[in-house]
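Right, one structure below, let's go through it.
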Amino acid sequence: MSETRDPTGDKGKRVAPSSGDAVPSPVPLGFHNLPRRRVLITLGGVLLAMFLSSLDQTVVGTALPRIIADLKGFEHYTWVATAYLLTATIMMPIVGRLTDMYGRKWFYIVGIIIFLVGSALCGISQNMTQLIFFRGFQGVGAGIMMANAFIVIGDLFPPSERGKYQGLIVAVFGLSSIIGPLLGGFITDNISWHWIFYINLPLGIPVVLAFIRFFPDVRPPQVKHKVDFLGMAALVLCISPLIIGLSWAGSEYGWASPQVIGALSFSAVMLLLFIYVESHAPEPIMPLAIFRSRTVKVAVVARFCIGMGMFGIILFVPLFFQAVLGRSATYSGTLLMPQMLAMVVASTLSGQAVARLGGHYRIQAIIGLAIMAGGLFLLSFMSPTTSHGDAVLAIVITGIGMGIAMPLFVIAVQNDVPYRVMGVATSTVQFFQSIGQAVGLAVFGSMMASRFTANVMGNEAIAQLGLPRQLLSQITTNPEALMSKEALAELERTVGPGLTAQFLELVKSDLSTAITYVFTIGAAVIVVAFLTTFLLKEHPLRRSHVSAPEE
């Protein structure tokens, strides 16, 4: 009997088909033996939970201006999203590891309940401080739900079948991105912004009941575990200042400010401490041994880059259409719908293809990343004269590439690592994508702002207009003012309609250059993912949860 391949350095054991075998099984007996009906019900619950958590992110974005108007505190605007992202990101690897040790079911149920309680508390918030705190609490539940979604697919199906269902998870995320802004706008305009949070309760309570009734309570062998609390603390103290520092940089404080440098330096020190703790912990919260696998290393880099590139599109395409082309917020929001639809279709087809056409996840990922980079490259050529059709084409191409590539790295990792660390390996890949999103949010935003300021201040044609320098400073620090009718009316009263028209034409061209510069950098980031993926070693997709031993 041969031993199974184990990239973490430990040797796997052959699992006999008999449930009475005395040899400890690295696979919970039961998940792969569930009746087909139970599998489909469990899968449906996972998709509903994923839809709920991802929908919340997109619904809230539409309602934020109304929330700010009611609760005041515009200076804390970004923290409503940052608090959610911070806690959700931290929870992913922690929950991934704990579910490997203690089973998935009750973590999943508790995560949904935390999310629903957080939703109710957000709905009754009386000020921005309360809302930010409760969004952070809600993010804890969302992080548990999102981490478990991909892991449970690995529990239910062997690697050779997972592609069909991992693609569905990405498709659910894309679908929520389409429905969310429309639902958020409708609820905010016709009911109340409070109901964008309350709506989660009637949607989520049936999911909790379904999980209690139908989700299989399968657990690993009952052994005494030593939970890595010190590693958890080090992880929290590493990620929190990182995301906070990145959210400050270029907006509230400069990159060279003591606040930003202090936060990022503290994060770096905590990272070194985290690595030390994990290398000595009996059962580390993020086993460093998983990074011995080339597949895990490639997947982490690729999903980090995809996270950065994805945020570049979500943030700056609407800004381009509103501020440069003068379109409405509704129009720019609906413009992202073709991209998300393309991503939904592409991710579904990509998952089916990897499951049915021989499991060539490396080739498909390379093709997907090449298409995504091409779409971002096309976006970098946009200008104030870009037509609607050209913009939609570039956005759709980007969405197709993203949809093809995103599910494949999780499939590759789950196919490569031992089952006993599948949860933490899966959640680690998602964790690094979330970090990539946070880095993209800070870096791209800062790059766009600095480029725009340099363009306007160095534009000789604008200087010849003789506008007050204070006015130029206001525009460069807040390009969103170009979308405000009140701000434009005030500008006309200050310098006159003719001069305002000339100024807007010039400044929109400068803003266009700054935004398309970000798309160029985004394309370069995806090229890094593209080149890294060539290092991915393609193993045949297993048809069982453990490697088939040689006879």
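Data for the structure
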| item | result |
| --- | --- |
| Residue match in the stretch 413-427 (condition: touching a Leu at 6+ places or on another chain (Cβ under 9 Å), assigned by TED's automatic domain parsing to the domain that holds G375, at pLDDT below 75 and buried (at least 22 other Cβ atoms within 10 Å of the Cβ)) | no |
| Residue that is buried (at least 22 other Cβ atoms within 10 Å of the Cβ), touching a residue at least 12 places away in the same chain (Cβ under 8 Å) and not assigned by TED's automatic domain parsing to the domain that holds R420, where the choices are A302, A249 | A249 |
| Subset of the stretch 97-112 that is in a helix (DSSP H, G or I) and charged (D, E, K, R) - its residue that is surrounded by the most Cβ atoms within 10 Å (Cβ to Cβ) | R97 |
| Residue selected from the stretch 115-131 under the condition aliphatic (A, V, I, L, M) and surrounded by fewer than 21 Cβ atoms within 10 Å (Cβ to Cβ), by the criterion nearest to L357 (Cα to Cα) | V117 |
| Failed item in (1) more than 23 Å from M92 (Cα to Cα); (2) at pLDDT below 85, with Q259 passing the rest | (2) |
| Residue ID - farthest from the chain's Cα centre (by Cα), chosen from residues in the stretch 142-170 that are farther than 18 Å from M406 by Cα, buried (at least 24 other Cβ atoms within 10 Å of the Cβ) and in contact (Cβ under 8 Å) with a residue 60 or more places away in the chain | D155 |
| Any hit, the stretch 377-394, residues being part of a helix (DSSP H, G or I), of a type outside the set (S, T, N, Q) and within 20 Å of the chain's Cα centre (by Cα) | no |
| Out of S177, S247, S240, sole residue that is of a type in the set (S, T, Y), at pLDDT 85 or above and under 27 Å from G440 (Cβ atoms) | S240 |
| Members of the stretch 285-314 that are under 17 Å from S434 (Cβ atoms) and of a type in the set (G, A, S) | A299, A302, G307, G309, G312 |
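Listed here are the residues, each with its yes/no results for (1) in contact with a strand residue (DSSP E or B) (Cβ under 9 Å, 6 or more places away or on another chain); (2) surrounded by fewer than 24 Cβ atoms within 10 Å (Cβ to Cβ).
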{"site": "L264", "(1), (2)": "yes, yes"}
{"site": "L288", "(1), (2)": "no, yes"}
{"site": "L341", "(1), (2)": "no, yes"}
{"site": "G358", "(1), (2)": "no, yes"}
{"site": "A365", "(1), (2)": "no, no"}
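Yes or no, residue by residue, for (1) over 24 Å from L441 (Cβ atoms); (2) outside the structural domain of A147 (by TED's automatic domain parsing); (3) modelled with pLDDT under 85:
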position	(1), (2), (3)
T62	no, no, yes
L71	no, no, yes
H76	no, no, yes
W79	no, no, yes
I94	no, no, no
T99	yes, no, yes
R104	yes, no, yes
L121	yes, no, no
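The values are calculated or read from the model by the stated rules, or taken from the named source; none is laboratory data. Please read these numbers as outputs of a predicted model, since none were measured by experiment. So basically every Cβ, Gly included, is an ideal-geometry build from the backbone, and we count neighbours across all protein chains shown.
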